[in-house]
Every structure is written in structure tokens, then in C-alpha cells.
Amino acid sequence: MQTAKSPTLKDQANKVMGISKEDAVLTKTYIIVAFTALLLGGILGLLQGLNRSGLLELPSWLNYYQVLTAHGLLLVVVLTAFFTIGYFYASLSHTLGGLLPKVRKIAWIGFGMKIVGFILCIVPILMNEASVMYTFYPPMAAHPAFYIGLVFIALGVWMCCIGAFINVANWRKNNKGQHVPILAYFATGVFILLFFALIPVAIEVLTIIPWAFGWVETINVMVARTLFWAFGHTLVNIWYLTAVSAWYVVVPKIIGGRRWSDTLTRVVIIALVVMNITGGFHHQIIDPGISEAVKFMHVFMSLAIGFPSLMTAFAMFAVFERTARKQGGKGLIGWYKKMPWGDVRFLAPFIAMVAFIPAGAGGIAQSTNQLDQVVHNTMWIVGHFHLTLGMSVVMTFFGISYWLVPYISKRVLTPQINRLGVIQTWIWTIGMIFMSGAMHWVGLLGSPRRTSYTTYGDNATALSWDPYLMCLAVGGTLLIIGVILQVYAVVNMMFFAPKGETEFPIAEEEENATKTPYWTERWGLWIVVMLLVVAMAYVIPLTEFIVNAPPGSPPFKTW
């Protein structure tokens, strides 16, 4: 009779090199939800694009603004939140020796809260009671259930943040004086930003709920908008920091190189955490009621994020150059001949990096008062958003999926799926160039955002937009093909690919690298600095909005 079963050599190797079954199931579940949201959101995006181009008349029971709201919620909130949490929890598990049982339990509770929240949000959207779009701030008002759902989503994400903090703190307690592994360090920065960014939007939603129920007649619109953008501005850079983690840590390993500088990497993370929550007023740059001095301060804070971005550009291309030269690359730009262009794990994040150059430049234009006056309420903004999220962030997520999904599924990336991934990457790239490029250009010609198709009574200017809107539709069609291919690849790698061990690619630091200073580990200090910067940016204007409040607004239903 067999009693206690001793662990086999393979079990021990998996514990050291791989991921435990419990941790893998957690990440796998988060990834499944993320790519389900991608599929549903992509289909809605196609409907939206075809309608916006005048090629499709939506049925009477489904209007453009319903589609727009659901599309934004699924891709901007569900896809990004679930992928980010799943990816970083796998990273914590791999680099910190596994997730603590209580942390796993916390993450599952957070998962349940978020699912409940999304159901509460989606139901009123389907009932056409919440077509308030992703930005969901007053004076448009949704059904109260929509806002209650947002509260559950925030609570669920907070649970995941707390779980990550507990796991990192436990590792530090058992490894005193050591630096937190770099991917766990990235995770710490992302979860700190998520934790604090959710505070203003949670306050906003809690003030909206009694207004939506009709318990109070009016609401302070300026305060609500400001609280939303303190969150919304940060959320964009949370996605960016998640993508950057793969650029710094994973991509160098895939090309056979090493990380550029551990110190520089950690300084970039600290800088993005300290400067991120501020800058929200640049989204309100044409709003009345905000002084020019405050707007200028926020614009400066927004542009300050460009410095760690430039440091990232330097570091990444330095890695490409140095790795290629070690492999025999010659000439000024000879490095590109040595890059593994046929490996989707490199190709997708590389194109994402390149896309961030025009995306970042567009952001600078929108942070400039005179230029933003031209583009603020036009399709330009939508094009910029798709270039930033749809290319720089989502394509990096795609690249991550080609090693993360096999890793958590104990399977391997086959040459066939890799080739499919390369095809998918180029289809996505071409589709986004068509769609985002058309949006930028037609925005400069005055086509408004957030409106369904209209010719404004066959106005000549509006009719001149049609060719660009056709390009938008072509791009959207290519993108849904890319979505289907990507979801197919993920399902294949998760359930049908051959069994095997897949490496979690983490690049080592350069040889003879300088020692990383320990002050980079003092997160308590950096959080205090962040809060001081946030207070400098928001205390005075919010006090002004409350003390000298404009007339409150009743709820409006414009659809």
C-alpha cells in the first residue's frame, strides 16, 4: 500500500523552473477572460467602424452609442485589466517562488468581484440604459446598476493589488537586503499605480450613484470630470508600463541578448510611478473653469513622462545594437539584419515599440493648447488612442501571449502557430495603419468623434470625409481578421498544442554591470513623493471647484 508520494525530479524541476498548477490555473483564467473580451470587443468595433463609415445601418434595437460604450468597456477595461493582472501574477509566481495560498485566494476573490461588476455594467448597456461611453462622467447619466458595477470592478482590482503587495512583502522579508526581481519590481510599480489611480474614480462613482438614483438633484460636473481624468490619464500609462516590462526584460532574452541596465530600468519605473497620476488636466485642456496656470502645470507634468520614455527608447535600441554586434552585425544600422524577424515573440513587441514613436508625438500635440483646440473633439483623438492602445500596448500583449500561454499551459509554441502569429501581426499592423491613419487625417479635416454616420444634410465638407471613413472601415475589417487569428492562436496554445516545457524568458543583466543602489527599493519614499506631486497638482483646483462650485447639473439621457 502506497503512502505519502515523494515528489519526482520533474515535480521538483517544475517547482523551480515552472509554475505551480494552482498559479497556472489563476493566470489561465484571467487570460481566457481577456481574450474573450478581445473577441467580443473586436466584433463590436467592426460594427462601430462600418456604421461610422456609412456602410452599415444598425438595427433599431442596437444603437451606435450602445456599441461604442460596450466596445470601450470590453477593450479598455476588461482586456487590459485581466491581461495585466494575469501576466503579472504569473511573473510574481515565477520570480518569487510561487504565490502564497492567501494571495491566490485574494486574486480569486478579486476575479469574482470584477466579473460581478462587469455583468452589472453590461446588462444596463444591453438594455440601452447606459450608453454613456467609456468616460462615463456627468452630465450624462446611466442606470445606477452601471455605476454599482464599476464599484465592484474597482474593489476587485484593489484586491489583486493587495495580493501582489503581500507576496512581494513576504519575499522581501525572507530575502533581506536583496533587490526584488525585476519583473516583480515592474509588477509592484503597476499595482501601486492601479491602487492609487482607482481612488479618485471610486470617489467620483460614489458621488454619482445617489445622483443616478435621483436622491440628489444635481452634481458638480467639474469635480466629477477631474476625478475621472486623474484615473483615466493614469490608466493609459499603466498599460504602457505593463508593455514596457516586456520590452526591457523579455525581448532582450528572445533576441539572445542581455538587459541594458538594471539601475536605469528601476529608475524608469520609479519615474513613471511618481509622475503618472498628475497630468490629468491635459485631457480637459479646453474645459472652462480651470485656470491657465493649472493647465500649464498639468501639461508640464504630462510631458515629463516623455523623459522615461526617451530613456526606454535609448535602452532598447542599445540592446538591439549591442546584441547584433556580438552576433556579427556591422554598419550603422546593421543590427536589423541580425534580429529574429520570423519570431512573433520579437516581431509583435518590436512593431509596438516603433508605433509608440508617432503615438507619443501625437500625445505631445494634444498636450499643447493651440494644437489641441484643433483636434480635441475630432476623430484625431480616436486615432491617437487606437495607435497608443491598439498598437503599442495590445500588440505587446499579443507578443507576450505567444510564450506566456504555452508556459502556463505546459505546452510549446509550434512553428505553425508562430508563422500564424507573424501573419496576424502584419495583418494587425496594416489594419491599424489604415484605421488609425484615416482617423488622424479625417480628424484634421474636422470630422467629429463620438458620433454615428451623418452627412449633415449632404454638406460638402462632411461628404469629403467619406473616402477616409472608407479607409477606416477597411482597417477595421483587417483588424477583426487579426482578432480572430489571435484568439485562435491563444486557444490552440492553451488547449491543443503539443505538451512540453516553455521557458519564461527573463534576460540577465549585462556582464560587469554596476551594482544597483538600494534606494531604488524604498517604495515608501517614492509613494510619499508621488502623493506630494499629486497634492501639488490637484488640491488647489479641486478645492476651487468645490468652494466656488459652478451650478450643478441634473442627469441627462441623450440617447
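General observations
- A residue that is open to solvent by 20 Å² or more (accessible area, probe 1.4 Å), of a type in the set (A, V, I, L, M, F, W, C) and within 23 Å of VAL205 (Cβ to Cβ) occurs somewhere in the range 81-96.
- Any hit, the range 513-528, residues being over 25 Å from PHE191 (Cα atoms) and either touching a residue at least 12 places away in the same chain (Cβ under 8 Å) or open to solvent by less than 70 Å² (accessible area, probe 1.4 Å) (or both): yes
- The set of residues in the range 220-246 that are farther than 17 Å from ASP287 by Cα and open to solvent by 10 Å² or more (accessible area, probe 1.4 Å) comprises PHE231, LEU235, VAL236, ASN237, TYR240.
- Pair list, Cβ < 8 Å and 6+ apart or interchain, from the range 539-559 residues that are of a type in the set (Lys, Arg) to residues that are at pLDDT 90 or above and surrounded by 12 or more Cβ atoms within 10 Å (Cβ to Cβ): LYS557/MET140; LYS557/ALA141
- Taking the range 247-261 as the range and being hydrophobic (A, V, I, L, M, F, W, C) and open to solvent by less than 20 Å² (accessible area, probe 1.4 Å) as the test, the residues that pass are TRP247, VAL249, VAL250, VAL251, ILE255.
- Inspection of the range 193-216 identifies at least one residue that is open to solvent by 10 Å² or more (accessible area, probe 1.4 Å), under 26 Å from ILE540 (Cα atoms), touching a residue at least 60 places away in the same chain (Cβ under 8 Å) and aromatic (Phe, Trp, Tyr).
- Sole residue being part of a helix (DSSP H, G or I), more than 28 Å from the chain's Cα centre (by Cα) and more than 30 Å from PHE296 (Cβ to Cβ), chosen from THR520, THR461, THR558: THR461
- Between MET311, MET316, the distinction of being open to solvent by less than 50 Å² (accessible area, probe 1.4 Å), over 26 Å from GLN416 (Cα atoms) and assigned to a helix (DSSP H, G or I) belongs to MET316 only.
- Pairs with Cβ under 6 Å, 6+ apart, first in the range 84-96 and touching a residue at least 12 places away in the same chain (Cβ under 8 Å), second assigned to a helix (DSSP H, G or I) and open to solvent by 10 Å² or more (accessible area, probe 1.4 Å): LEU96/TRP171
- Here the range 262-285 is the region considered, the condition is being of a type outside the set (A, V, I, L, M) and modelled with pLDDT under 90, and the residue that is most open to solvent (accessible area, probe 1.4 Å) is HIS283.
- Per-region count, the range 54-75, residues hydroxyl-bearing (Ser, Thr, Tyr) and open to solvent by 40 Å² or more (accessible area, probe 1.4 Å): 2
- So ILE43, is it in a helix (DSSP H, G or I) and either over 22 Å from the mean Cα position of the chain (by Cα) or more than 25 Å from GLY475 (Cα to Cα) (or both): no
- When the criteria are applied in full, GLY446 fails the requirement of being part of a helix (DSSP H, G or I) and open to solvent by less than 50 Å² (accessible area, probe 1.4 Å).
- Qualifying residue in the range 477-488 (condition: more than 30 Å from ILE254 (Cβ to Cβ) and either open to solvent by 60 Å² or more (accessible area, probe 1.4 Å) or assigned to a helix (DSSP H, G or I) (or both)): yes
- Among residues of the range 129-157, those that are open to solvent by 50 Å² or more (accessible area, probe 1.4 Å) and not in a loop (DSSP other than H, G, I, E, B), counted: 3
- Number of positions in the range 410-428 that are surrounded by fewer than 21 Cβ atoms within 10 Å (Cβ to Cβ) and assigned to a helix (DSSP H, G or I): 9
- ILE290 vs. criteria part of a loop (DSSP other than H, G, I, E, B), at negative phi, crowded, with 18+ Cβ neighbours inside 10 Å and of a type outside the set (S, T, N, Q): yes
- Flag if PHE136 is at pLDDT below 95, under 25 Å from the mean Cα position of the chain (by Cα) and farther than 17 Å from THR242 by Cα: yes
The values are calculated or read from the model by the stated rules, or taken from the named source; none is laboratory data. Predicted model only: the values in this text are computed from it and were never measured. Because the Cβ atoms are built from the backbone with ideal geometry, glycine has one as well, and the counts that use them run over all protein chains shown. Each accessible area value is taken on the protein alone, full model and side chains, heavy atoms only, with ligands, DNA and RNA left out. Shrake-Rupley method; radii C 1.70, N 1.55, O 1.52, S 1.80 Å.
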